[in-house]
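Can you keep this structure in mind? I'll have questions shortly.
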Amino acid sequence: MRCQHLGGAALLLALGLGGCGQGAGGPVISTPTAQFHDYIGAREREQGRAGQQALLADGSAGRGDYEAAVSGLRACLARGGVTLVNHGWNPVNHQRMSLWYESPSMPDDEVAAYGDQCHAAHVADVELRYAEQHPPRMSGALLATTRPCLSAAGIATTGHETSLSELLEATDRKKDVLACVTGGVTKLYPDKSFIVS
């Protein structure tokens, strides 16, 4: 499975860092041996990059472009016997989808490395452009669940915040804000894994 790369002030919700997967015992980091193995080959990389360039040819990346790139990722993974599990758009920021990789016939670290290579070939540039062009925004349901937790913790907000970064800017109690958001994610999406960052 695939975890997404995180910034320095990120809090993880049942996830590891980029280049990882999740095994029965929890997050799995792909080993150096797995990371340096060429799973997808030059032709797959070229086709994936060409597909991303075509999606970005007009200089922008919309939801449809991102979703098309994820379709390319799904096909790349399938060619190696790896299944894509797409939990949808991350409700914390709506800038990325939560994408995981699974394969019962491959060690977890190899699944993570294989997935990372397919992701780099088919999605990474589109994902980055999408995030650059679409400011983070938290889902209304998650904001509505987070605000009472913040109030109960004595953290005042203006009520106009629309993103995690704006909630974090409202106080110096960053850990408490992240805990409230994480609690909201756990409550609203108990069967899905989303990064809180």
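The values are calculated or read from the model by the stated rules, or taken from the named source; none is laboratory data. All of these numbers come straight from a predicted model, not from anything done at the bench. Quick note on the areas: whole protein, heavy atoms, side chains included, nothing else; ligands and nucleic acids left out. Shrake-Rupley method; radii C 1.70, N 1.55, O 1.52, S 1.80 Å.
Based on alpha-carbon centroids, what's the gap between the stretch 71-137 and the stretch 37-68 in Å, whole number please?
Here the answer is 12 Å between Cα centres.
Next question, about the same structure. Ignoring ligands and nucleic acids, what accessible area does M138 show with a 1.4 Å probe (Å², nearest 10)?
10
What are the ³J(HN,Hα) values, in whole Hz, obtained from phi via the Karplus relation 6.51 cos²θ - 1.76 cosθ + 1.60 with θ = phi - 60°, for each residue of the stretch 147-156 in sequence order, with x given for Gly and Pro?
4, x, 5, 5, 4, 4, 8, x, 9, 8
While we're here: Residue-wise, which Karplus ³J(HN,Hα) couplings in Hz belong to the stretch 182-197, taking 6.51 cos²θ - 1.76 cosθ + 1.60, θ = phi - 60°, and x for glycine or proline?
After applying 6.51 cos²θ - 1.76 cosθ + 1.60, I find 4, x, x, 4, 4, 5, 7, 10, x, 9, 10, 10, 10, 7, 9, 8 Hz.
Right, another one. At a 1.4 Å probe, what is the % contribution of carbon and sulfur to the accessible area of the stretch 40-130?
Result for the stretch 40-130: 49 percent of the exposed heavy-atom area is carbon or sulfur.
Starting from the Cα gyration tensor of the stretch 64-112, take the square roots of the eigenvalues, sort them a ≥ b ≥ c, and report rounded, prolate or oblate (rounded when a/c is under 1.5, otherwise prolate if a/b is larger than b/c, else oblate).
Note, shape of the stretch 64-112 comes out oblate.
Something else about it: For the stretch 112-197, count the residues as N, evaluate 2.2 N^0.38 Å, and divide the Cα radius of gyration by that value, please.
Cα Rg divided by the expected 2.2 N^0.38 Å: 1.29.
At a 1.4 Å probe radius, which order do S165, S103 fall into by accessible area, largest first?
Largest to smallest exposure gives the sequence S165, S103.
Please work out the average accessible area per residue across the stretch 51-197, using the 1.4 Å probe convention, and give it in Å².
Value returned for the stretch 51-197: 45 Å² of accessible area per residue.
Can you give me the long-range amide H partners of V85? Hydrogens built in the peptide plane at 1.01 Å from N, cutoff under 5 Å, separation of 5 or more residues or another chain.
W100, Y101, E102
Roughly speaking, to the nearest percent, how much of the stretch 139-193's 1.4 Å accessible area is carbon and sulfur?
Ligands and nucleic acids excluded, carbon and sulfur reach 56 percent.
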